[in-house]
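Worksheet: one structure, shown below.
All of the numbers you see were taken from the coordinates with simple rules; none came from a lab. It should be emphasised that the depicted structure is a prediction, and the values quoted were computed from it without experimental measurement. We place every Cβ from the backbone using ideal geometry, glycine too, and count neighbours over all the protein chains shown.
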Amino acid sequence: MTSSQAARPQIGFDRFIPLDWAAGALRVRAGMESVSTLDARLVAGGLGTPSRKKNRSLLNGLWMDPPRDLAPFADRGVELWKGDPEVPIQALCWGMAIATYPFFGKFAELIGRLTSIQGDCTAIEIHRRMAETYGEREGIRRATNRVIQTQANWSACERLDKARRIVRQPPAPISHDVLTAWLVEAAIRCAGKPLSVTSLQSSAVLYPFRLDRSLTFVISRSPALELRSEGSGLPLAAIKPTAGSIPCASSSRSRVSP
């Protein structure tokens, strides 16, 4: 392997994951569904043994056995949902996907940016942009198609003209303070650095959602986040160093818009 090949980012998220499967993995972590029930969903989806193992591995990383540094974040998402079943599972699965799988997050950011003006983009453009980051190597086009299929299934976008055109779906309004803070944290974890509060209000990586609450207010009240100021004078949202051990404040709720 050459040094340039070794430097290429890993794909990680290279399977089609229907929202029902991702939600099932969340319920397994919440202790509300058994692993065997989730496996039965995969069998019912027509997967052979090799594909089933690969999809289970991806679902493990998403919810059931995420990286150690993301386990407290996942647990706070689960507790948020258990404390308020009206919290949309789509938003929780999206937050975990962008925080856990950089390929999924990069893809979400790309679609969010490309569709921000006209509401749509072409699949060819997406493939070209992803290849610029991940290289023209075997599996990139296939993985990209599967992520498009996944995000469409999660009601984030729609594939038209025989999947040649990607259209952004209307964003789901989010007015739940704790969920808003959790999604902001997911975006920060995806970026790997503090983000300006202004940019978060229309974050490309969170394109399926509209954050209706004042982010300055939400972040100032979050036990996991903090506001910082740097030379630009613009407030930044950052994760507190102790965020890994903070429980989810599920009792501090606002309404989740339908």
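Given N residues in the range 54-114, what is Rg(Cα) / (2.2 N^0.38 Å)?
Values: Rg = 12.2 Å, N = 61, 2.2 N^0.38 = 10.5 Å.
Rounded to two decimals, the normalised Rg is 1.17.
Quick check for the chain: number of Lys pairs with alpha-carbon distance under 26 Å, counting only pairs 8 or more apart or on different chains? Provide the component values of the computation, followed by the final result.
Working: 53/106; 54/106; 82/240; 106/162; 106/193; 106/240; 193/240.
Taking the Cα cut-off of 26 Å, the pair count is 7.
Need one number: the % of Cα-Cα pairs in the range 121-197 sitting beyond the 22 Å mark. Present the calculation step by step, with values, prior to reporting the outcome.
Details: 1233 of 2926 pairs.
Within the range 121-197, distances greater than 22 Å cover 42 percent of Cα pairs.
What nm value, rounded to one decimal, do you get for the distance between residue 37 and residue 165 when each label is placed 7 Å out toward the C-beta?
Modelled inter-label distance: 4.1 nm.
Tell me, what does the Kirkwood hydrodynamic radius of the chain come to in angstroms if you use every pair of distinct C-alpha atoms?
Working: mean 1/r = 0.0530 Å⁻¹.
About 18.9 Å, per the Kirkwood formula over Cα pairs.
Report, in whole Å, the centroid distance computed from the Cα atoms of the range 180-236 and the range 73-147.
Answer, in whole Å: 18.
From the residues 154, 135, 111, which one has its Cα farthest along the dipole of the range 70-258 in the positive direction, the dipole being from +1 and -1 charges on Cβ of Lys/Arg and Asp/Glu about the Cα centre?
135
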